[in-house]
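Peer 1: To start, I am sharing the structure in question, which I have written as structure tokens.
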Amino acid sequence: MKLLFFTFIFILSNQTFAETHSPKEWVCLMNNAQSTHNDYSSRNENDKFKHCGLSCVLAYKCGIKSSASLGILKEILDLFTPGDSDIEDLKANKYGIDLVLKHNVRDQKTCDQKCKSRYF
């Protein structure tokens, strides 16, 4: 919870991010990021699956740029907090986003199926 709060504070204070993301994307992230994060965090699945699924769901709901930005900022935040920053997390995020971008995935069930086939 703290991680997402601090990530949103960072996003809100970053003028470049604010200029490249629409208000609709902001509202979508604020409405969906925490609940989607909680859903994936509560599952007894491996970490890379969670990164992939979360990024995929946020990409189709809130946009590719928003999902990518949030994933990158979370890993940056992990560098300065007790979190575990990992390049493999970013690769899993990218795979989840690519499911939306390149394969037109538009629902959580398909995100989960594709991410499980990759990370199990």
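Nothing in this text is a laboratory measurement; each read-out follows from the coordinates by a stated rule. Because the structure is a prediction, the values reported are computed rather than measured. Because the Cβ atoms are built from the backbone with ideal geometry, glycine has one as well, and the counts that use them run over all protein chains shown.
Peer 1: Rounded to the nearest 0.05, what FRET efficiency do residue 80 and residue 117 give with R0 = 35 Å and r taken as the Cβ-Cβ distance? Could you check?
Peer 2: FRET efficiency, residue 80 to residue 117: 0.55.
Peer 1: Sticking with this one: Pop the C-beta distance of residue 27 and residue 108 into the FRET formula with R0 = 22 Å and round what comes out to the nearest 0.05.
Peer 2: Details: r = 19 Å, r/R0 = 0.88.
E between residue 27 and residue 108, to the nearest 0.05, is 0.70.
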